[in-house]
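Every number here is computed from the coordinates shown, using simple stated rules; none is lab data. Since the structure is predicted, the reported quantities are computational estimates derived from the model, not experimental observations. Every residue, glycine among them, receives a Cβ derived from its backbone with ideal geometry; neighbour counts consider all protein chains shown.
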């Protein structure tokens, strides 16, 4: 392409449309949709503690738990939200602002990566498939680790595929992988994939690539070692939690091999759509393999997708466990579609998928718009200022101003995994009202909003 053509605005009209398309969904009802839920509220609570000068801690009753090991996301998620809260105020919208930047960075990284390995037309389709995907946008808008982790993973692949085989490209690739793992622990699935690529390079005597993979692996350990104390790795409980996390969370928390007992769930639209996308992605990888294009990259992504899919099947049905695999398949989907349906058929199919995904997202499918937590927080602010309350609803607590009478405790399931010394009630706390989700057998409860109920003290001596 001539230099004049590169800078011609007409050549970038599709990219401009993609920018407008993406920004519309990124900023739509920002701060209120998706509704805050347990996990991202927990991370926002820690970020707020940092913003208030209380350190990297989770408040539990009257304790300040430093470097809590139950978060499973790293400082690359928590610290940007904390800084945003310091600058723009303590609100959900402020906490989520850095997540919008991660969404933008992920979109740009996918475009660049797709452009580099497949071409401009394929990059446009891959990015459109990404921006129209509600699982990407709505997961990415919340303070969660999935999209930031994918951003660093894509950034690593961008540097891995740079034409110039310079040492600094390899080092940055390794650092980015390390940041991806520290951001979201499940990103560590990339290591077996890198190992397989290294063995292939060894077999084919690709010494330069084999050495590069070793350097990538070594450099990735640097951010992990430096930042892992913030994940709570110095606490023995971290490894207990890690074992639960990697083995299906234990029978008492989430059913292991959920889909073996609920196979019909795999027939839901998002999972059927993933199966179709996986087929197109595999077809695209096969096309690239036959043309001997980026074989090591295909091995890395192919193994990672396989691991992620198996990991998802051992979990409890959250699509976000598939999100990284879904996104890494996208650069290969246009070529896979073309190899099966031809040029025109591929354009029709991909356009239909983008339109269907866009409509699904536009009509708020797949994410909650519930206002129950906001209504409950308003009730607490208006009616319980002088009441001792233990709040077991993170999306409610994160909305409340500080009040020494209001103490936070994680939900009953999560509380069962916390150190006993943090969750043991004092005499005064036993006489506090309890605000939590409704449970079978609750007595004398007052429903505040949705499933959230206020339960008065049960002991006679508390009257």
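Rounded, prolate or oblate, given the Cα gyration tensor of the stretch 357-412, with a/c below 1.5 counting as rounded?
Note, shape of the stretch 357-412 comes out prolate.
Sorted by mean Cβ packing within 10 Å, highest first, what order do the peptides 416-426, 75-85, 176-186 take?
176-186, 75-85, 416-426
Calculate how many DSSP beta bridges within the stretch 372-462 are antiparallel, expressed in % of all such bridges and rounded to the nearest 5.
Of all bridge pairs located within the stretch 372-462, approximately 55 percent are antiparallel.
Would you please classify the overall shape of the stretch 114-193 from the alpha carbon gyration tensor, given that a ≥ b ≥ c denote the square roots of the eigenvalues, rounded means a/c under 1.5, and beyond that prolate means a/b larger than b/c while oblate covers the rest? List each step's numbers first, then the result.
Values: a/c = 2.48, a/b = 1.10, b/c = 2.25.
Here the stretch 114-193 falls in the oblate category.
Between 0 and 90 degrees, rounded to the nearest ten: what's the tilt of helix 75-88 against the longest Cα principal axis of the chain?
Rounded to the nearest ten degrees, it is 70.
Using Cα centres only, tell me the gap between the stretch 288-333 and the stretch 80-118 in whole Å.
Here the answer is 23 Å between Cα centres.
Could you give the angle, 0 to 90 degrees to the nearest 10, between helix 120-131's Cα long axis and the longest principal axis of the Cα atoms of the chain?
Roughly 10 degrees, rounded to the nearest 10.
Order of 334-341, 267-274 by packing, highest average Cβ count within 10 Å first?
334-341, 267-274
Only Cα pairs under 8 Å and at least 6 apart count here; give the relative contact order of the stretch 1-128 as a rounded whole percent.
Numbers: 100 pairs, mean separation 26.5, N = 128.
After rounding, I find 21 percent.
Decide, for the stretch 3-68, between rounded, prolate and oblate: order the square roots of the alpha carbon gyration tensor eigenvalues as a ≥ b ≥ c, take rounded if a/c falls under 1.5, and otherwise choose prolate if a/b is larger than b/c, else oblate. Walk me through the numbers before you get to the answer.
On the way: a/c = 5.55, a/b = 2.81, b/c = 1.97.
Note, shape of the stretch 3-68 comes out prolate.
What ranking do 395-406, 320-331 get when scored by the average of other Cβ atoms within 10 Å per residue, highest first?
Listed from highest to lowest mean packing, they are 320-331, 395-406.
With angles folded into 0 to 90 degrees, how steeply does helix 269-290 sit against the dominant principal axis of the chain? Use alpha carbons for both and round to 10.
30 degrees
What's log10 of I(q)/I(0) for the stretch 371-463 at q = 0.11, 0.12, 0.19, 0.21 Å⁻¹, Debye sum over Cα points only, no solvent?
-0.29, -0.35, -0.92, -1.13
What is the order of 287, 376, fewest Cβ neighbours within 10 Å to most?
Neighbour counts put them in this order, fewest first: 287, 376.
Among 219, 173, rank each residue by its count of other Cβ atoms within 10 Å, from fewest to most, as a rough exposure measure. Don't skip to the end; give the middle numbers.
On the way: 219 18, 173 24.
Least to most surrounded, the residues fall as 219, 173.
Using C-alpha positions alone, give me the convex hull volume of the chain per residue in cubic angstrom. Working shown, then result.
Details: hull volume 75.7 nm³, N = 463.
Given the Cα convex hull of the chain, per-residue volume reads 163 Å³.
In whole angstrom, note down how far apart the Cα centers of the stretch 397-449 and the stretch 158-236 are.
First find each Cα centre; the distance between them is then 42 Å.
On full extension of the chain, what length is gained from residue 318 through residue 204, given 0.36 nm per residue of separation minus the C-alpha to C-alpha distance? Please report the intermediate quantities before stating the final value.
On the way: separation 114, 0.36 × 114 = 41.04 nm, distance 3.88 nm.
Length gained, residue 318 through residue 204: 37.2 nm.
Take every Cα pair under 8 Å in the chain that's 6+ residues apart, average their separations, divide by the length, and report that relative contact order as a whole percent.
17 percent
Which percentage, to the nearest 5, of the DSSP beta bridges contained in the chain is antiparallel?
Roughly 65 percent of the DSSP beta bridges within the chain come out antiparallel.
So how do 443, 49, 375 line up by other beta-carbon neighbours within 10 Å, fewest first?
Exposure proxy ranking, most exposed first: 443, 375, 49.
I need to check one value: relative contact order of the stretch 372-462, counting alpha carbon pairs closer than 8 Å and at least 6 residues apart, in percent.
Once divided by the residue count of the stretch 372-462, the mean separation gives 31 percent.
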